[in-house]
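Novice: Quick one: this structure, given as structure tokens, is what I'll be asking you about.
Any read-out appearing in this document is the output of simple, stated calculations on the displayed coordinates, not a laboratory observation. As the structure is a computational prediction, the values presented were derived from the model and not from experiment. Backbone-built Cβ (ideal geometry, glycine too); neighbour counts: all protein chains shown.
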Amino acid sequence: MNNIKTILLSTIWISISEFFRNEILAKSYWVDHYNKLGLVFPSEPINGAVWGIWSLCFAIGIFIISKKFTFIQTILLSWFIGFVLMWLVVGNMGVLPFSILFIAVPLSLLEVFIAVFIIDKLKTKEKKWPTTKN
């Protein structure tokens, strides 16, 4: 399977995981928190499209990281970059319902684990070209 298909499959997994976690399991946390702030939780189609782009960018990042790091290192580094940094920013902006983290932390780790697994198992290994001595 070529690497573009591998990245797209990982993107699909990440998108499904994000949708399930944020729109099915945790939407009430988001809506209630935003209501308390006097805001409306953004859930228009354009927001879903942006999350789709985020999922693609995240899958590309995981793919690149996986070329240099072990399986476990890729999981931990990708999770830190994709989620911990996002939660710091969203928390700093005051729009993160911290009560969501008991759902978000384990499910985001599972999301990254499966995304890394997909990429690790399906990516095309780089061919090593023989070197010539001059």
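Novice: Ranked highest first by the average count of other Cβ atoms within 10 Å around their residues, in what order do 16-28, 38-50, 103-115 fall?
Specialist: 103-115, 16-28, 38-50
Novice: To the nearest 10 degrees, how steep is helix 27-36 against the longest Cα principal axis of the chain, on a 0 to 90 scale?
Specialist: Roughly 50 degrees, rounded to the nearest 10.
Novice: Oh, and also: What's the tally of Lys pairs in the chain whose alpha-carbon atoms lie under 17 angstrom apart, where the two lysines are 8 or more places apart or on different chains?
Specialist: Total qualifying Lys-Lys pairs in the chain comes to 15.
Novice: Can you tell me the length gained on complete extension of the stretch F71 to L110, counting 0.36 nm per residue apart and subtracting the Cα distance?
Specialist: Taking 0.36 nm per residue and subtracting the Cα distance, the gain is 12.7 nm.
Novice: Considering the options C57, Y29, L39, tell which one lies farthest towards the positive end of the dipole of the chain, charges being +1 on Lys and Arg and -1 on Asp and Glu at the Cβ, about the Cα centre.
Specialist: Positive-most Cα among the choices belongs to C57.
Novice: Sticking with this structure for a sec: Starting from the 7 Å offset along Cα-to-Cβ, what nm value, one decimal, do you get for the label separation of L85 and F19?
Specialist: 2.7 nm
Novice: Summarise the long-distance tail of P(r) for the chain by giving the % of C-alpha pairs beyond 18 Å.
Specialist: 58 percent
Novice: Now, a different point. When the helices in the chain are scored as -39500 (n - 2.57) per DSSP H run of 4 or longer and the sum is shared across all residues, what 222 nm value do you end up with, to the nearest 500 deg cm²/dmol?
Specialist: On the way: 6 runs with 88 residues, N = 134.
One gets -21500 deg cm²/dmol as the mean residue ellipticity at 222 nm.
Novice: For an R0 of 25 angstrom, estimate the FRET efficiency from the Cβ-Cβ distance between S43 and F117 and round to the nearest 0.05.
Specialist: My answer for the efficiency is 0.30.
Novice: Okay, moving on. About the Cα centre, and with charges only on the beta carbon of Lys, Arg (+1) and Asp, Glu (-1), how big is the dipole of the stretch 3-119? Nearest 20 debye, please.
Specialist: Here the size comes out at about 280 debye.
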